[in-house]
């Protein structure tokens, strides 16, 4: 048995630098630490292995066992390195996720958020999937609509989008910004057909997308072509076998569905891809929802601003009108105080003319006075016409006297129609501020209705009563009653009852009365006659210029 | 000869109207206030009254309401500087409504018309 010396230096406690070709700079400690040197260098040194081989068969096979142990150690080492690598890439991913999450929270613009999200899904710095498609719920149209997609349309297109941007070594957020500003419009146009084809009505609950959305559970479909819930055309449009679907749901609201795949490199989708996207779905959902809320807030704000602007305008207009009314009132007062003197001057000039012969020179002078006063009167008329158009014609009136006057005017008509009229007027009623002409119009109208409702004669009673702060005029007739349709319409503006018989003109009366702080109450039953109350407020100070019918 | 009462708080208007109407052959009385008018209306009968609306104290409209109540057969002409009352009362209570003017033709025509109607 020949025992060759060991070929290498593993058995020497202290070696020189040139003894081992595998030692690197900075590893001088291994020159004197034999055990560490064995673990770190010798186990992988071919000369050491050769020495072990030479020892083979000796020491009851111990070198064999030793070789096996070494292989095991090397295997474990490799798997530690691979785990370390996965750990690194995973923590890189988490960091990206965090970054993009933060970025998502900084934006309230929906398109910008979508740009960031799809950048994160498809860029190498993000999740590195080939293609991402976002479908969003459109509540108004009850549809899940293709909103946006990022990725290559064809194989040669693959990676180009990101190679251009990634060449700059931007952060994920910066990349998203660049993408949003430079590529988004183009990408959207590129995928327009696909997005349109992927839209599904929300009610189609047996559709793969809607099912996934309703079940709120992310899935990887490994063989899309075999899936029974996706129509053939949509399978064709997507053109992939493997697809990740992540529903975006916040509380009870369905926001959308995120699809991702590896359409180009066909890399199998791993459970980690799904996990990453799932984690990502939550901040994305919040961001999209918040953007929608923000948009609504802006709209509401705009509406409020608009309302405020209109209010200000109206206030200014009211102010202007008040000023105009004041100017008009002043003009009117001046004009009125001038009219009497003019009447007198011109009047006497005319009186004098009569006694002056035509050939008398003084006649011309008088005619001149008459002409000039006439001219002034014309000017006055214009001024008054203007200012009077701005003033209501309200005055304080005794309603009993007014009713008596109306009754006197209508008496003949009533008698001809064989209608007996009974007045029941409460004495000592307070005066009320009303537009006399309009109030009389209303009374006459109501009486005329009563006459019409009693073609064969009957009885009308008119009563006045004070009721608290109101004075009430009640007119009752024993006629056929008012058509319920007309009755209901009385309170509606612009309702015309023309050619509908009894009740004609009542809507107009109701409106006229409203303009004077009064209102109509009507009670009518077919065959029971009709009672119409006009209720007028007694105290109506400072109501000038507020009449709605002006 | 028809007797006419002029009610106006402006002295010179009263003077002008009575001169002109007397000239037309009417017997004319004038009153400067509502009270004065009421006293005259108590003491004698008039065929027609010309009433100013805008007066100090009792307004022509208030006098008008009384007249309508007590002497509904007597024609009343409202005569005022305010044309705005015209739309309101002409057809309801007063028999005529004439806006003041240096040209008294309209006033005289209305007086003639109403007196003729009353007699006829």
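Laboratory data are not the source of any read-out in this text; all were calculated from the coordinates shown. Bear in mind the structure is a predicted one, so any value in this text is a computation, not a measurement. Every residue, glycine among them, receives a Cβ derived from its backbone with ideal geometry; neighbour counts consider all protein chains shown.
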Sorted by Cβ density within 10 Å, fewest first, the residues A:460, B:99, A:108: A:108, B:99, A:460
Please compute, for the alpha-carbon atoms of chain B, the extent along each of the three principal axes and give them in descending order in Å. 30, 30, 27
With bins 10 Å wide starting at 0, give me the P(r) of the protein assembly as shown over every alpha carbon pair, in whole percents. 3, 10, 13, 10, 8, 7, 8, 8, 8, 7, 5, 4, 3, 3, 2, 1, 0, 0
Largest-first principal axis extents of the Cα set of segment A:228-317 (Å): 71, 30, 26
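Using Cβ counts within 10 Å as a stand-in for footprinting exposure, how do A:172, A:506, A:76 rank, fewest first?
Working: A:172 20, A:506 25, A:76 10.
Listed from fewest to most nearby Cβ atoms, that is A:76, A:172, A:506.
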Fewest Cβ neighbours within 10 Å first, please rank A:8, A:42 accordingly. A:8, A:42
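Quote the Stokes-Einstein diffusion coefficient, in whole µm² s⁻¹, for segment A:160-269, based on the Kirkwood radius over alpha carbon pairs, a temperature of 20 °C and a viscosity of 1.002 mPa s. All intermediate terms of the calculation are to be shown ahead of the outcome.
On the way: Rh = 15.9 Å.
In µm²/s, the coefficient is 135.
Please give the average number of partner chain Cβ atoms lying within 10 Å of the Cβ of each residue in B:95-102, rounded to a whole number. Walk me through the intermediate numbers first.
Working: counts 0, 0, 0, 0, 5, 8, 10, 17.
Average per residue, whole number: 5.
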Rounded D (µm²/s) - segment A:315-388, Kirkwood Rh over Cα pairs, Stokes-Einstein at 37 °C, 0.692 mPa s: 231
Rounded, prolate or oblate (a/c below 1.5 giving rounded, otherwise prolate when a/b exceeds b/c) for segment A:17-89 by Cα gyration tensor: oblate
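To the nearest 0.05, what FRET efficiency results for residue A:62 and residue A:36 with a Förster distance of 25 Å applied to their C-beta separation? Please list the in-between numbers first.
On the way: r = 22 Å, r/R0 = 0.88.
About 0.70, to the nearest 0.05.
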